[in-house]
Each structure stands twice: as structure tokens, then as C-alpha cells.
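The values are calculated or read from the model by the stated rules, or taken from the named source; none is laboratory data. Since this is a predicted model, take the numbers as computed values, not measurements. Note: ideal-geometry Cβ built from the backbone for every residue, glycine included; neighbour counts use all protein chains shown. Heads up: the accessible areas ignore ligands, DNA and RNA and are worked out on the full protein's heavy atoms, side chains in. Shrake-Rupley method; radii C 1.70, N 1.55, O 1.52, S 1.80 Å.
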Amino acid sequence: MDSYQSISRVQLLLQHKRPQEAEQEARRQLRDNPDNSFLHCLLALALMELTQLTEAQVEAEQAIYLDPESSFAFYVLSAALQRQHELPAALEAIEQALALDPEDADYQHVLGQLRFQQGQLHAALRAAETGLQVDPTHVDCLGLRARCLARLGRRDEASADLDEALRHSPTDAGTHADLGWVALERGRAKQAAGHFREALRLNPTSDYAREGLVSALKARFWLYNGFYRFMVWTQTLSPGTRQGLFIGLFLLSRVVPGLLPLYLVLVYMSWFAEPLFNSLLRFNRYGRFALSEADTRYSNQFLALLLSALALLGAGRYGHLSPLTTAGIVGLGLLFPLVGTQRQWHPKRRQQSKWFGWGLAAVGVLAICFDVLALPGEGPLFLTFLGGTLVYVWVMGLRS
């Protein structure tokens, strides 16, 4: 009984959003009971709230080691992996949880979320509906089904699901955030922002709602709004079809030169929409507070390189100084690996992108030095830099 009450204290601290105290209490109890799988799970949940994701994964894996038949431990591991954007591993973990306990609506919701993030809308819809068969009032499954239906064009059914979720839990922050995402994907940025603000009022620490508010504020710029809705539409296509679409647009622009500016805008937006409009949001009284610390840091890096490159390019063109012009073009080219690395969540791909970027930077600096010294190899080096940048864009673009 004492052990049950002790564990309940950790759960209560987590429910009241006091993760630091929950971590301390869980660690204190684990000193006396180190083989308690459930306590390791609770510690992992506390660590996730404290954004110590690697440590949370270790605790979840320890819980599985102690009790391989614990579906909850696999569920917690999946959550830790999902937060680290390790989607295939997270999917494997939640499928194992469902193999152990297929009648849990929370597990079905996580499975659906992962399928949704991978663009597998019909699979996500099936998971949400399976969860609702277990628990017809599960608000998270209702919200997920609404998002799937909205993207599949079944908007009336999506609205009915969200109304049902609000009826069961009118103060659920996740449901208000789902309303915001559905409104945003329909191009209603102002309405979406209102829903996200309400979600944040109910749960000020919700990253799901905060990211939605940032997107809604950016969607007030017509160019971003149009691009965002186009990208949402492409998510309804299979990965192969999506890649074929962009390759087809490139080939079409070669046949019909008038389409080339449109294609270039699409390429530019696909790479730089997020850092560019995040930077513009810093002039908005709400936007500057909605941006995460990482978004602000990435914006600083983007602006520093962009403005430096434009200044060098302008000085080079105005003063007829070839090395400065070369340096400006190199700086603009390096924006691609900079932003490409920023948006890579997978550690291995992030490292590959970083090394590719440093390689391009080295070739670019050599081209500038050869230009300054008037050496004959400047032209080939500069062309190598441009070719490498194009290879980077194609390779990383098709892998994303």
C-alpha cells in the first residue's frame, strides 16, 4: 500500500505539471526500488517534460528491460522517440505496445499521430477509428480523425468530430489546437490563431499549439499562406507521387520557359519559407514570443548569412570587385546547406548535411581566394561550388 501511495505521488506531480519535483521523487523512490519498471516509466515522462529526451529514452528502455511485457513501457519509449523525431523507431515501439494491449485507445492515437506525420492519412484515419471503437468519447482520437478527414476533403465530418470532442471535453487544449490546424489548412489564418491562443491559455506549455500559432501568424502573409496550403495538399500524395510532381514541374519549366519563375519561387519557398517568415515574425508583438528558442537562433543564423551575402554582392557589383561578388554568391549558396541542416531532425542526416555544407564552404572559400590572387583555377572551383550546391538541393530535397 505504501509503495502504491508513493508511486501515486509521482503521478500526481506529473498531472499538476511539476516535472522537476516528479523527477526528484521518482529518483528517490528508485533508490529503494530500482527494479520497478513503472517508476522508470514515470521518470521517463518527467524527463520528457524537462526536454531531457535522451535520458527519457534510456529510462524507458530500462523499464522494458525490467518488464518486457509492459505495454506502457513501450508506449513511453514511443513517445520519447517521437519527440526526438525518430519516427520509424517510435512506430516500432507503439506497434509493440499494441501487440501487448490492442484495446488501448491512447496507443491507437499515438499510432495514428505517427502515420499522420508520415503523410499516411488513410492509415492514420484507421488508427483513430480503431481507438474510437474502444472508446467512442476519446477526444484525442476524435481530433486526429478530424484532421485526417479535413485533409481528405471531408470537412463536414471533420467539423462534426471536433464538435463532439468539445462537447465531451470543452477545456481540452488539444481539441482547440486541432480546430486551429483544420482552420489553418483551410486558409483561415485569423480564425486558426484564435483557436491556438485558446489552446495555449488552457495549456501554456503545449508545443503543438505554439507551433500552430506560429504557423497561423505566418499565414497572414498571403505568399506563405498559399505555399503552406500547397504543401498541405502535397501531403495527401504518396511519397513517390510527391517526388514525381516536383521533378515533373522542373522538366515542364524547361519545356515552357514561362513557368521557370514559378518553379524557382516554389524551390525558394520550399527551402527558405520557414526561416524567412520566422524572421519577419520577430517584428510582430505576438510572433516574437511565440517563436521557440531554436527558431530564434536559426533565424539569427539565417539573417546573418543572408544580409552578409547581400552586402558583399552589392559591394562587389557596385564597386566592380570580382572577389566580393564571388563571396556574395557563395554566401547565398551556403544558405541552402545552412537551412537544410537546421531542418534535419535525424541525427545521422543532420551530420551528413553539416559535413556537406562545410565541404561546399571550403570549395567556395578556395574560389574566393583564387579570385583575389587572380589564379587560373578560380572558374572551375566556382563552377564546382555551384554544381555541388545543386546536387545538395536535389539530394536533400528528394530525401525530405
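Annotations for the structure displayed:
- Candidates are the residues of the stretch 358-385 that are closer than 19 Å to F302 by Cα and surrounded by 20 or more Cβ atoms within 10 Å (Cβ to Cβ); the one that is nearest to the chain's Cα centre (by Cα) is L360.
- Any chance Y268 is buried (at least 17 other Cβ atoms within 10 Å of the Cβ) and either within 23 Å of G387 (Cα to Cα) or modelled with pLDDT of 90 or more (or both): no
- Qualifying positions in the stretch 73-87 - over 12 Å from L114 (Cα atoms) and surrounded by fewer than 22 Cβ atoms within 10 Å (Cβ to Cβ): Q84
- The set of residues from the stretch 121-151 being under 14 Å from A183 (Cα atoms) and either of a type in the set (D, E, K, R) or touching a residue at least 40 places away in the same chain (Cβ under 8 Å) (or both) comprises R147, R151.
- When residues of the stretch 328-352 are limited to those that are hydrophobic (A, V, I, L, M, F, W, C) and open to solvent by less than 20 Å² (accessible area, probe 1.4 Å), the one farthest from A362 (Cα to Cα): V339
- Meets criteria (touching a residue at least 24 places away in the same chain (Cβ under 8 Å), open to solvent by less than 40 Å² (accessible area, probe 1.4 Å) and either part of a helix (DSSP H, G or I) or touching a strand residue (DSSP E or B) at 6+ places or on another chain (Cβ under 9 Å) (or both)) for A294: no
- Qualifying residue in the stretch 63-71 (condition: without any contact (Cβ under 8 Å) to a residue 60 or more places away in the chain, open to solvent by less than 10 Å² (accessible area, probe 1.4 Å) and closer than 24 Å to A124 by Cα): no
- Residue check for A46: over 27 Å from E211 (Cα atoms), in a helix (DSSP H, G or I) and among the small types (G, A, S): no
- Qualifying residue in the stretch 386-396 (condition: more than 30 Å from R242 (Cβ to Cβ), in contact (Cβ under 8 Å) with a residue 24 or more places away in the chain and open to solvent by less than 70 Å² (accessible area, probe 1.4 Å)): no
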